[in-house]
Structures are given as structure tokens and as C-alpha cells.
Amino acid sequence: MAALIAENFRFLSLFFKSKDVMIFNGLVALGTVGSEELFSVVAFNCPCSPARNYIYGLAAIGVPALALFLISVIWNNHTWNLVAECHKRGIKNFSAAATFLLFGSIMGRAAVAPVTWSVISLLRGEAYICALSEFVRPSSLDKFPAEYGAEVLARFPCKDVPANLTKFRDEVTRRLRYESQLFGWLLIGIVAVLVFLTKCLKHCCSPLSYRQEAYWAQYRSNEDKLFQRTAEVHSRILAAKNVKHFFGFVALDKEEKELVQEFPGEGVQPSPQWNAITGVYIYRENKGFPLYSRLHKWAKGVEGNGPSPEGHEMLFLAS
């Protein structure tokens, strides 16, 4: 059972580390839908009290969306590349277009989960009905008893109303659910149009052909995988050498012994090299040849960040 669970986690990890942004965003949206359904079933409980309904209903939609947005920002590699860039070099080397492109990429990725949460919440309608039931004007309800007011309307989501108000409760619920779902579908339409326009703008402004852009995506994915794999092996070998130096021996399993014998792992990379390959990277060319990453740029011995007579900044951010 433990092996099966571990295998499933590895499968999910491979998906979430996929270079395909659409797959990643789809999985984020799917996870958000499942979380929202679980929240609605387990946690959502309208207080059915004047003044409390509105706050609770908005919090049920807004607070999880805000939390998902912040988590998405934290998980985005561009965020920490930007932090490293500002810490080490500042943003003086970036034009306004490049800065806008970077923030747009971070915000766009981070918006997937909160927008999905908001859409599902609106389509379900419970939170919207809870928040706005007390604000329905009694005069808009045909033959609504004059002795009842906002306090009774606030109890409509809980179905805790006198028998003679049952048909009014059904009408209010149906009206508010219609409004909630309408807003949900409008939000879907707006997001779809924005995504379409963004994709069109990206491809129109891209300095790369479709095939070169696909190659760049493959290169980034392979570089990241190989770098992480090599860094893991290098750090293990370095740790083994230091432990052996301290104790006089090191307890290695068979696989680790083979690694130590196959890869000497001499030398430690100095901080300037780590700084050179860390940070935001925007596509550049040097003497007509593409530089696909900061590591590629460092390996070619190209100096500087901004445009120069030998290096041309193309203002295209890796997605």
C-alpha cells in the first residue's frame, strides 16, 4: 500500500512539474474544484443572521480565493527569480515592457486557482444566496407579508421560515441563484476572452518562430531536469566526502558507492557562479545566436544583463 501511495505521489509530481503550462493550469483548476466541493459540503454553514450573512458569504468566496492566489504566487518559480534578481542586480536592466511581462506572467499563473474557486462558488450559488438574501426588497415579492423584514429574509438560506413564507423563500433562492450563476458564466466568458487575447498577443509579439519556441521550451525543461538531477548527485557526493573527512569513513549503500566512484565531484561552485545562473531570464541573442537560459549565457561566457552591441534583448519571457 505504501508503495502504491508513493507511486501516485510521484505521478502527480511529474504532472505538476510538467513544462506544459496548460496541463499545469488544468490540474490546478481541477484541484481547486475538488477543494471547493469539499469546502461546500463540510465547512460552509450560513449563519442566517442579519449583518452576518453578508460578511460570511463574501468571506467564503474571497478568503479562500486570496489564500489560493498567495499560494500560487509562492509556488511560481518566476516569483523567486524576481526576488533574486532584485536582490542581486535590481531591475534597472529591465525595460517597462519586460517588467510588465514578468508581473503579468506571475499574476496570470497565480489567478488560475482563485478564479476557478470564485467561478465554482458562483455557479453553486450557496455563498451568494447567503450573502444577499437579506438585501432582497420585500416590495419586489408579490404579496409578501408586511410584518416580516430583513431578519426573516436572512433566514431563507437555512429554510428556517414560517410555513406561509415557503413560496417566497423558493422565489428568493431561485432569483439569487440565477444572479449568482449569471455572474459565474460572465466571469468564465471574460477569462476566456482574456486568455485568448493574451495568447494571440504573445505569439504576435514573440521574436521566435513556432518551432524555435517549442525547442526553447524543451531546452528549459531538459536543463531544469538535468540540473536538479546533477545537483542532487553532486551534493550527495560532496556530503559523503565531508562526512568521510570528519569521521575517517562514510557509510554508503551500493548505489551511493557507485556514484562516488563514477563521479569524483571535485570542486565547489563559488557564489558568483550561482548568482550568474539565478534570477529572471528574458530571451536574448548574442551575435545572432540564441541564449536560452542564464546557465546557457554563463556557459557561453556572455557578460552583462542589458542590451549591448553584442547582445540583443528580445523581451520575451519564458512561460
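Using a 1.4 Å probe on the protein heavy atoms, what percent of the accessible area of the range 31-205 belongs to carbon and sulfur?
C and S fraction of accessible area: 68 percent.
As a test of reading the structure, rank Val260, Val63 by solvent-accessible area (1.4 Å probe, protein chains only), most first.
Largest accessible area first, the list is Val63, Val260.
If you only keep lysine pairs separated by 8 or more in sequence, or across chains, how many in the range 224-295 come under 20 Å at the Cα atoms?
Going through the range 224-295 pair by pair, I get 4.
Just the number please: accessible area per residue for the range 31-205, 1.4 Å probe, all protein chains included, in Å².
Result: 57 Å² per residue.
Which FRET efficiency value, to the nearest 0.05, do you get for Cys158 and Trp80 by plugging their Cβ-Cβ distance into 1/(1 + (r/R0)^6) with R0 = 41 Å?
0.35
Given a 1.4 Å probe and heavy atoms of the protein chains only, how would you sort Leu68, Leu208, largest accessible area at the top?
Correct descending sequence by accessible area is Leu68, Leu208.
In nm, give the distance between the simple-model label positions of Tyr219 and Leu70, each being 7 Å from the Cα along the Cα-to-Cβ direction.
3.8 nm
Full extension from His245 to Phe100: what is 0.36 nm times the residue separation minus their Cα-Cα distance, to one decimal in nm?
In short, 47.2 nm is gained.
Sorted by accessible area (1.4 Å probe), largest first, how do Lys297, Lys241 line up?
Result of the area sort, largest leading: Lys241, Lys297.
For the range 110-130 and the range 65-84, what is the centre-to-centre distance using only Cα atoms, to the nearest Å?
Using only Cα atoms to place each centre, the spacing works out to 21 Å.
The values are calculated or read from the model by the stated rules, or taken from the named source; none is laboratory data. Treat the numbers as computed from the prediction; the structure is a model and nothing was measured. Cβ atoms come from the backbone with ideal geometry, glycine included; neighbour counts cover every protein chain shown. The accessibility values were calculated without ligands, DNA or RNA, using every heavy atom of the protein model including side chains. Shrake-Rupley method; radii C 1.70, N 1.55, O 1.52, S 1.80 Å.
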